[in-house]
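FYI, it's all coordinate maths here, none of it is from the lab. Keep in mind that what you see is a predicted model, and the values were worked out from it rather than measured. A quick note on method: Cβ atoms are made from the backbone with ideal geometry, for glycine too, and the neighbour counts reach across all protein chains shown.
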Amino acid sequence: MIMLAFLLLFPAVSVYSQSLPEWYIPLREAIYEQKLSADEIVPVYHNVTNRAKTSLLGTAQYIMLSRCEYMMGRAYQYEEKKDQAASHYGEGITWAQKALEIQDSAEAWQMLAENISQSCAVRPVSYAMANGLKVEKYSKNALAIDGRNAAAQIMIAARWIYAPSPFHNYRRGIEMMSAVPEESNMQKDDLFNVYVGIGYAYLQQRNIVLARQWLQKSLEIYPTNKYVQSLLAKL
């Protein structure tokens, strides 16, 4: 747990992976900062997707477009606009599949899993029943290619935290989430998702002290995130 202790003691930004292009970052930040409405984020989304189409080719372009659709879906999902969110996730799935048709890659499997995962939350239960198990399968496909893919590790751990009763296992989820920073290349939002996941699990266990500790750590990364603020309000 040495690396985790390091992350807790020092600014996380120093250990983030820098593999994503700078022109994509404003979209990611807008989604996690939650200062703008989904409709206000649309111009940012269009700027980034246009840049992806002019700056990238082939698999790299398709993966980035899938990532953009996923992010825009998250914006609408937070506002409970499920149809619009589902539409973006559907596009994200299509782009990820196009990338995989050209080349097997960890990031393509990751984005396919991410878009399916969130689609399960905004589409009918029948969709989740038919596709839910694919999330872990495709995440493992990503890890088979790149064992340090943080998002894939987080998705596998999240199953044990966010699954409805009786399918969750908060203790196992916390253990798996805690191991992610030690074993992966982290993006800023990855570390945020780890902290939120652990905090949420402790909240469900009614461990108020640890829940507050981890949720507050997530706010050190995105201080304006409304979802985390709502969880803290429950404490």
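Here are some notes:
- Cα gyration tensor shape of region 94-235, rounded if a/c is under 1.5, else prolate or oblate by comparing a/b with b/c: prolate
- Simple spin-label estimate for ARG206 and GLU22 in nanometres, 7 Å along Cα-Cβ: 5.1 nm
- Residues with amide H under 5 Å from that of MET186, placed H, sequence gap 5 or more: SER17
- Sites GLN213 and LEU57 - FRET efficiency at Förster radius 45 Å, r taken between beta-carbons, to 0.05: 0.50
- Coupling constants for region 104-119 follow from the phi torsions by the Karplus curve (6.51 cos²θ - 1.76 cosθ + 1.60, θ = phi - 60°), and in residue order they are 6, 8, 4, 5, 5, 5, 4, 5, 5, 5, 5, 5, 5, 4, 6, 4 Hz; glycine and proline get x.
- Overall form of region 137-184 per C-alpha gyration tensor (a/c, 1.5; a/b vs b/c): oblate
- 16 Å cut-off, amide nitrogen to a point 7 angstrom out along GLN103 Cα→Cβ, residues in region 39-66: 55-66
- Spin-label pair GLU183/LEU133, simplified geometry with 7 Å Cα→Cβ offset, distance in nm: 2.2 nm
- Neighbour net charge for VAL180 - beta-carbon separation under 13 angstrom, K R +1, D E -1: -4
- Of the chymotrypsin sites (Phe, Trp or Tyr not before Pro) in region 145-235, those whose Cβ has at most 13 other Cβ within 10 Å and which sit in DSSP loop: PHE167
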